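Visitor: For reference, the structure I am asking about is given below.
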Protein chains: 4
Amino acid sequence: MNIKLFITGGTLDKVYNSRSGALEFDQSHVPQMLAQSRMTLEVTTEVLFLKDSLEFTEQDRELIVSKCRDCREKNIVISHGTDTMVETAQLLDKHIKDKTVVLFGAMIPYSIKNSDALFNLGTALSAAKNKPGVYIAMNGQIFTSDTVQKNKQLGVFE
Amino acid sequence: MNIKLFITGGTLDKVYNSRSGALEFDQSHVPQMLAQSRMTLEVTTEVLFLKDSLEFTEQDRELIVSKCRDCREKNIVISHGTDTMVETAQLLDKHIKDKTVVLFGAMIPYSIKNSDALFNLGTALSAAKNKPGVYIAMNGQIFTSDTVQKNKQLGVFE
Amino acid sequence: MNIKLFITGGTLDKVYNSRSGALEFDQSHVPQMLAQSRMTLEVTTEVLFLKDSLEFTEQDRELIVSKCRDCREKNIVISHGTDTMVETAQLLDKHIKDKTVVLFGAMIPYSIKNSDALFNLGTALSAAKNKPGVYIAMNGQIFTSDTVQKNKQLGVFE
Amino acid sequence: MNIKLFITGGTLDKVYNSRSGALEFDQSHVPQMLAQSRMTLEVTTEVLFLKDSLEFTEQDRELIVSKCRDCREKNIVISHGTDTMVETAQLLDKHIKDKTVVLFGAMIPYSIKNSDALFNLGTALSAAKNKPGVYIAMNGQIFTSDTVQKNKQLGVFE
């Protein structure tokens with residue numbers, strides 16, 4: 001099974017910029033995370049863009065959909081900001097019927113000591129072999145796109 | 001779904017002892033890992049012992065089997081040293097027929113910066129909802145106990 | 001030699017708030033840093049407040065001065081945001097003549113993997129035994145308060 | 001002031017080898033530590049060898065002495081295992097009269113989360129500008145070579 005992993009940014013990939021004092025994007029940490037995981041799956045990564053998901057345009061989301069539709073692989077994982085992850089999942093669910101697509105992200109950037117990013121990557125890669133459908137892998141759970149929402153008060157998916 | 005997580009030690013839980021210069025057991029890091037993961041599953045942990053799995057006695061393995069058999073939960077995860085993980089999985093497979101048991105561990109201790117432990121925990125907790133059987137969750141894959149071995153040369157399960 | 005360590009916040013002590021997505025103050029990490037350092041000096045810590053140094057009021061700075069003047073110890077270290085560290089150092093230099101006061105901070109929060117905080121603490125504690133005067137310990141150097149400025153372009157003191 | 005930093009190994013530079021399960025040498029982390037420290041001193045590094053200081057031969061120690069004597073710089077820092085650091089310091093003290101030499105190491109390897117290595121580097125670089133002599137920078141203190149010993153029970157220098 002070959003897995004395609006599309007990278008779109010999100011909290012997971014933010015790093016502290018010591019000049020601005022803000023969390024920004026530099027380059028993706030997903031390749032480093034895959035190395036740290038010591039996983040032996042066949043995973044091909046592709047960076048689509050590095051953005052906060054609150055700043056995704058309609059075109060960004062359409063790019064994600066077309067990339068998922070057009071890639072050779074039947075098993076897809078997407079790193080994605082948590083704020084509009086459900087929205088993208090629901091759009092994917094309308095357009096992708098014969099593939100397994102799993103979205104994941106992090107509540108704490110990978111660059112920060114206490115990050116949940118590596119754990120969520122483990123959950124997401126496990127879910128990539130599920131039957132066709134669009135899933136969200138967060139908080140140790142695999143949600144289907146139509147039964148999940150982010151509780152912004154608690155910072156968890158439910 | 002309530003998950004029981006039995007802790008038995010292994011590389012995952014080793015820490016550097018600055019006096020002896022060796023990696024030893026102090027206390028389990030699994031509770032801290034569960035907190036870092038931000039998972040929202042119902043997980044109850046229980047430390048059976050903290051040992052290198054090369055030093056497991058027959059009695060240690062029997063304790064693991066009886067604990068799995070006797071606990072209320074139908075979904076069980078076990079943290080375990082990688083060196084004899086397959087052996088314990090095969091013993092469990094003989095005795096536990098109606099429950100899902102997932103063994104996981106780490107090639108690098110959680111106390112070391114580049115550890116795979118958190119990733120493997122994500123994979124293991126995902127597999128805990130599989131149909132009854134005994135599984136090993138390592139290297140991003142879910143193996144069944146009868147089709148897996150540790151390649152000690154490469155340090156991976158296959 | 002007893003060292004007083006006053007804690008005032010700054011980048012050093014910021015942590016990522018997963019709800020707001022911003023770096024904020026929760027509690028000081030300086031006690032944890034002292035434990036990690038394995039230092040055997042006699043250090044007493046006191047949190048004055050946890051603030052970004054750009055938000056220091058005149059009263060905040062006066063509190064720092066009076067605390068330095070009134071404490072029993074002759075050797076003082078202060079954790080401080082880098083943006084107005086020089087300003088506080090110059091005020092202290094006017095009022096404290098018979099004590100050694102060393103300000104330090106971090107360009108990257110201690111909660112982030114690549115932080116310089118622990119290194120700067122090492123430099124600052126070393127400088128605490130210097131002859132009376134007000135010093136800034138950053139970038140591996142000990143500056144006197146009248147010959148230092150922060151180069152915000154480069155993010156270094158010079 | 002140009003500082004020469006000789007690297008000789010020690011606990012500081014050990015990494016976990018997931019195949020052997022032991023802490024071994026791979027390559028030095030000192031360059032990465034210097035980058036993390038954001039120091040702006042002029043430091044030139046040179047790896048002499050990577051060894052546990054218990055395994056130093058007479059020749060190893062003679063190499064350290066001759067390197068310190070022959071280098072252009074008057075200010076020298078040496079990363080060194082803690083177990084025989086005092087012995088090397090005392091040998092250096094006999095042969096190097098006109099330079100400042102500071103030895104430092106770590107009780108916990110830099111590759112382990114809770115390491116004191118970066119802190120000790122901060123202390124050591126600060127001490128490199130001291131008046132000529134041979135010093136040990138550990139536990140936040142600067143010791144002279146004739147008044148220090150390692151308390152192996154407590155794991156501290158005193």
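Visitor: Among the residues of the range C:36-78, which ones have their accessible area go down by 10 Å² or more when all the protein chains sit together, as opposed to their chain alone (1.4 Å probe)?
Guide: C:GLN36, C:SER37, C:ARG38, C:MET39, C:THR40, C:LEU41
Visitor: I need the calculated FRET efficiency for the pair B:GLU87 and D:ARG19, taking r as the beta carbon distance and R₀ as 22 Å, to the nearest 0.05.
Guide: 0.70
Visitor: Given charges of +1 on the Cβ of Lys and Arg and -1 on the Cβ of Asp and Glu, with all other atoms neutral, how large is the dipole of the range A:80-158 about its Cα centre, in debye to the nearest 20?
Guide: It works out to roughly 180 debye.
Visitor: Using 1/(1 + (r/R0)^6) with R0 = 25 angstrom and r between the beta carbons of D:ASP146 and D:THR57, what's the FRET efficiency to the nearest 0.05?
Guide: 0.55
Visitor: Counting only protein heavy atoms and a 1.4 Å probe, tell me what percentage of the protein assembly as shown's accessible area is made up of carbon and sulfur.
Guide: For the protein assembly as shown, the apolar C and S fraction of the accessible surface comes to 44 percent.
Visitor: So, one more: Averaged across A:127-140, how many Cβ atoms of other chains sit within 10 Å of each residue's Cβ atom?
Guide: Taking the mean over all residues of the peptide, I get 2.
Visitor: A further question follows. Taking the Cα centre of the range C:1-113 as the origin, how large is its charge dipole in debye, to the nearest 20, when only Lys and Arg (+1) and Asp and Glu (-1) carry charge on their Cβ atoms?
Guide: 360
Visitor: Still on this structure: Let me check I've understood the local charge: for C:ILE3, count other residues with C-beta under 13 angstrom from its C-beta, Lys and Arg +1, Asp and Glu -1. What total comes out?
Guide: Here the charged neighbours net out to +2.
Visitor: 7 Å from Cα along Cα→Cβ at both A:ASN114 and B:SER66: what's the point-to-point distance in nm?
Guide: If labels sit at A:ASN114 and B:SER66, their model points lie 4.0 nm apart.
Visitor: Same structure, new question: How about the range D:122-156: which trypsin sites (Lys or Arg not before Pro) there lie in a loop by DSSP and see at most 16 other Cβ atoms within 10 Å?
Guide: D:LYS129, D:LYS152
Visitor: Separate question: Please give the calculated 222 nm ellipticity per residue for chain B, where each DSSP H segment of at least 4 residues contributes -39500 (n - 2.57) and the sum is spread over every residue; nearest 500 deg cm²/dmol?
Guide: One gets -8000 deg cm²/dmol as the mean residue ellipticity at 222 nm.
Visitor: May I ask you to evaluate 6.51 cos²θ - 1.76 cosθ + 1.60, the Karplus curve with θ = phi - 60°, for each residue of the range B:144-156 and list the ³J(HN,Hα) values in order in whole Hz, giving x for glycine and proline?
Guide: 8, 5, 9, 10, 10, 8, 8, 8, 6, 4, 8, x, 9
Visitor: Follow-up. Between the DSSP loop rule and a limit of at most 12 other Cβ atoms within 10 Å, which trypsin sites (Lys or Arg not before Pro) in the range C:1-44 are left?
Guide: Answer in residue order: C:ARG19.
Visitor: Taking the solvent-accessible surface of protein heavy atoms with a 1.4 Å probe, what is the per residue accessible area of the range B:24-158 in Å²?
Guide: With the other protein chains kept in place, the range B:24-158 gives 42 Å² per residue.
Visitor: For chains C and D, what's the summed buried accessible area, probe 1.4 Å, to the nearest 100 square angstrom?
Guide: Buried area (both sides, nearest 100 Å²): 2200 Å².
Visitor: Which ³J(HN,Hα) values in Hz, rounded to whole numbers, follow from the phi angles of the range A:86-93 under the Karplus curve 6.51 cos²θ - 1.76 cosθ + 1.60, where θ = phi - 60° and Gly and Pro get x?
Guide: Per residue, the Karplus-derived 3J(HN,Hα) values read 5, 4, 5, 4, 5, 5, 4, 4 Hz.
Visitor: Here's another thing I want to ask about it. Put simply, what bits of the range A:111-126 lose 30 Å² or more of accessible area when the other protein chains are there, versus the chain on its own (1.4 Å probe)?
Guide: A:SER111, A:ILE112, A:LYS113, A:ASN114, A:ASP116, A:LEU118, A:PHE119, A:GLY122, A:SER126
Visitor: Here's another thing I want to ask about it. With springs connecting C-alpha atoms under 10 Å apart, model chain A as a Gaussian network and identify which of A:ILE78, A:ILE112, A:ILE64 has the largest mean-square fluctuation.
Guide: Of the options given, A:ILE112 has the highest mean-square fluctuation.
Visitor: Continuing with this model, one more query. Sort shortest first the distances from C:ASP26 to its counterpart in every other copy, using label points 7 Å along the Cα-to-beta-carbon line, and give them in nm.
Guide: Result for C:ASP26, in nm, nearest copy first: 2.0, 2.3, 2.9.
Visitor: Specify which residue in the list B:PRO109, B:ALA128, B:LEU92 is farthest towards the positive end of the charge dipole of the range B:54-130, using unit charges on the beta carbon of Lys, Arg (+1) and Asp, Glu (-1), about the Cα centre.
Guide: B:ALA128
Visitor: Additional query: Taking the label point 7 Å from Cα in the Cβ direction, how far apart in nm is A:ASN130 from each other copy of itself, listed shortest first?
Guide: 1.7, 5.9, 6.1
Visitor: Give me the distance between the Cα centres of the range A:95-138 and the range D:1-70, rounded to whole Å.
Guide: A separation of 40 Å, based on Cα centres.
Visitor: Determine the dipole magnitude for the protein assembly as shown: charges of +1 sit on the beta-carbon of Lys and Arg, -1 on that of Asp and Glu, nothing else is charged, the reference point is the Cα centre, and the result goes in debye to the nearest 20.
Guide: 0
The values are calculated or read from the model by the stated rules, or taken from the named source; none is laboratory data. Note that the structure is predicted; figures quoted are calculated from it, not measured. When we count neighbours, we look across all protein chains shown, and the Cβ atoms used for this are built from the backbone with ideal geometry, even at glycine. For accessibility, only protein heavy atoms count, side chains too; no ligands or nucleic acids. Shrake-Rupley method; radii C 1.70, N 1.55, O 1.52, S 1.80 Å.
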